[in-house]
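The values are calculated or read from the model by the stated rules, or taken from the named source; none is laboratory data. Just so you know, these numbers come straight off a predicted model, no measurement behind them. Cβ coordinates were reconstructed from backbone atoms using ideal geometry, including for glycine residues, and neighbour counts include every protein chain displayed.
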Amino acid sequence: MLSPDRTVSAAMTPFVAAESIAKAYGGVQALTDVSLMIAPGEVHGLVGANGAGKSTLIKILAGLVQPDAGRILVDGAPTSLPTPHHATDLGMSFIHQELAFIPGMTVLQNILLGVPKKTRFGMVDWQAAAREVAPIAERVGIKAPLSASVKGLSTAENWLINICRALVRNARLIVMDEPTASLSAAEAEKLFAIVEDLSASGVAVLYVSHRLDEIMRLCSRVSVFRDGRSVGCLEGAAITRPALIEAIVGSAVAPLAATQRHPVAGRKITLTVDALTRAPKVNGVSFELRQGEVLGIGGLVGAGRTELARLIYGADRADSGVMTLDGASFSPSNPTEAVKAGLGLVPEERRSEGLLLTKSVAFNLQIANLANIVRSPVLPLIDRRKREALSLEIVRDLAVKTPSIDTPVGRLSGGNQQKVVIGRWLLRAPKVLILDEPTRGVDIGARGEIHRLVRELAARGMAVIVISSEPDELPDLCDRVLIMVEGRIVRALEGADITRNAIVEASYFVGEPPSRENTI
């Protein structure tokens, strides 16, 4: 049954306990009165929708973020974690989705990153280090020689290197964040065996995953976060799929958006995607996108949504499948060809992939529009007056808050940076605009403005694809929603069926994908 996670049984003295943790970022309350207890040798699951507060708590345990209230106890003693080194010294190790390794180094060197090493004549004694590490590497199943470079190793092999590093540091708790998101089924099975072996040897594992089958298989207890609160803990036989989904979603169903949805049947087809595949992330995806439609693509982390966007945009090449744009064959070999054909992309990682942070607002707005602001094709000099006029128009239309168009875009807030990326494509008026997590990291006000803008673009006839991990966002915004699971579209939602609960439940779909006719 669902119960507060403030105690463990008498036989489960906690190694780490977080009690009544609170954390706010500006005016946003990320955690409120959150508690979590993990016993030695326990595999403890942590689940919740995106934005539930899981990552914030992990950062607090890792010493990356300081809580505003509450306390952390290790072996029953109140403890401060001012830096990651303190967490490591206390026996906690964290393996994130973005695995920490340096490609130019060997397996051994990567395992020993940050670990004190024996020296001989003032030099690291790598032979002695290899003798100490070899039994641990064998235990976790590292097949590559310790002297081999990690460059070219698989994600699964790099996961093993990170686990080995944790054990070399004598970790008593290993936090694994979405450990199987990039692993094949066979690789995942090997990881499960390692987790079970760690548990049997007394090492605790905090297993953070959206994949409920894994949670049910591995975990003896599961803490559930919702909207920054710990809503309870499931134990033993109470850990079932319906109970987990109900706890994650809550009893309330998000209301449909006030914005009227528009039927898409009968509109001109702008883009068709037919059996598009790039293994292992995208597997036989098919759909149609119509003029003036806002099509949502939902699903969990690792479902293949961003990879699908990259295929459509020409950033990656498909193994198989075909596309058409306005009825003509469409197969961009790079983003430049996609842009010329009439596509635009607002990437998920706007700061690293969508903006040049040290350049001005005007520069970032015009970077995809240079051909329209040069004086002549013969003399490709920028028409500064035209550049300024167009940039100011976009800044006014989108209400971008900036001291001037010459301000470095890196100085703007996240919401205003996102407006600049979207504004870039307004200048080109693409046929298809793909927005990958368009409101991630922006405040509520900017979120509403971005949603309004998306609907305005669709009203002008632009076809828009919105990729979002937020179950509340897609019902607010989209005419249709496709749900991806493990590289496939498993459900299509339209009209009144587009609800928060339906999106969450479909995102946890397990089994054979439905027929193609049911997914487009």
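Data table
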| quantity | calculated |
| --- | --- |
| Residue in the range 59-72 that is within 14 Å of residue 228 (Cβ to Cβ), exposed (fewer than 15 other Cβ atoms within 10 Å of the Cβ) and without any contact (Cβ under 8 Å) to a residue 12 or more places away in the chain present | no |
| Pair list, Cβ under 6 Å, 6 or more apart: the range 103-119 residue closer than 18 Å to residue 134 by Cβ and in the same structural domain as residue 154 (by TED's automatic domain parsing), other residue among the β-branched types (Val, Ile, Thr) and in a loop (DSSP other than H, G, I, E, B) | 107/150; 110/150 |
| Verdict on residue 324 being free of Cβ contacts under 8 Å to residues at least 24 places away in the same chain, in the same structural domain as residue 463 (by TED's automatic domain parsing) and β-branched (Val, Ile, Thr) | no |
| Residue that is modelled with the highest pLDDT, among those in the range 239-259 that are of a type in the set (Val, Ile, Thr) and surrounded by fewer than 18 Cβ atoms within 10 Å (Cβ to Cβ) | 240 |
| Check on residue 68, within 27 Å of residue 222 (Cβ to Cβ) and not basic (Lys, Arg) | yes |
| Selected residue (criterion: nearest to residue 76 (Cα to Cα)) from residues of the range 11-46 that are acidic (Asp, Glu) and in a strand (DSSP E or B) | 19 |
| Pair list, Cβ < 7 Å and 6+ apart or interchain, from the range 235-250 residues that are within 11 Å of residue 216 (Cα to Cα) and outside the structural domain of residue 507 (by TED's automatic domain parsing) to residues that are surrounded by fewer than 14 Cβ atoms within 10 Å (Cβ to Cβ) and hydrophobic (A, V, I, L, M, F, W, C) | 238/1 |
| Verdict on residue 344 being within 25 Å of the chain's Cα centre (by Cα), in contact (Cβ under 8 Å) with a residue 24 or more places away in the chain and part of a strand (DSSP E or B) | yes |
| Qualifying residue in the range 101-115 (condition: at pLDDT below 80 and either closer than 19 Å to residue 191 by Cα or of a type in the set (Ser, Thr, Tyr) (or both)) | yes |
| Test: residue in the range 418-427 that is on the phi > 0 side of the Ramachandran plot and modelled with pLDDT under 85 | no |
| Which numbered condition residue 105 misses (of (1) surrounded by fewer than 14 Cβ atoms within 10 Å (Cβ to Cβ); (2) farther than 26 Å from residue 301 by Cβ) | (1) |
| Residue 479 being crowded, with 20+ Cβ neighbours inside 10 Å, of a type outside the set (Val, Ile, Thr) and in contact with a Ser or Thr (Cβ under 7 Å, 6 or more places away or on another chain) | no |
| Residue, modelled with the highest pLDDT, within the range 131-145, restricted to residues that are among the small types (Gly, Ala, Ser) and buried (at least 16 other Cβ atoms within 10 Å of the Cβ) | 137 |
